[in-house]
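I have placed the structure first, in the form of structure tokens, so that the comments after it can refer back to it.
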Amino acid sequence: MTRQSLSIVVCLMALAALEAGCADRPAASGQGSTRTASVASQANHFGVSAKLLEAAGNLGYNPKIVNGKTVFCQQEANTGSIIAQYHCIGAASLRVTLLQQRRMRHQLERAQDQ
């Protein structure tokens with residue numbers, strides 16, 4: 001197998017893994033108020049704010065209750081592997097991740113403006 005065909009195979013496998021991860025997420029409905037009520041209901045169930053739950057969903061994290069605590073899990077493929085594994089973090093770690101991402105986005109926007 002040549003390098004080019006190997007690269008194509010790797011890209012196709014990565015695309016398939018990404019597509020499989022997106023298939024786990026429910027499609028967004030056109031009804032905003034129903035979706036908001038659903039997010040609020042889920043937030044109440046998991047004991048977190050609706051804003052945090054929605055931000056977690058935007059990053060691909062799914063809430064789960066493990067040993068009585070709410071954690072947010074994301075499917076990640078390890079480097080060199082096509083088998084995805086779940087990586088779970090707590091609500092506090094998710095807030096830090098969101099804050100870091102917001103800061104990086106802000107820095108990039110400032111750099112583009114200059």
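Hey, for a label at Leu59 modelled as a point 7 Å past Cα toward Cβ, could you say which residues of segment 91-114 have their backbone N under 19 Å away?
What the label zone holds, given the 19 Å backbone N cut-off, is 91-109.
Per the Kirkwood definition applied to all pairs of different Cα atoms, how many angstroms is the hydrodynamic radius of segment 66-114?
One decimal place: 13.2 Å for the Kirkwood radius.
Readers should treat all values here as calculations from the given coordinates under stated rules, not as data from a laboratory. Every value quoted in this text rests on a predicted model; they were computed, and no experiment measured them. In this analysis, Cβ positions are derived from the backbone assuming ideal geometry, glycine residues included, and neighbour counts consider all displayed protein chains.
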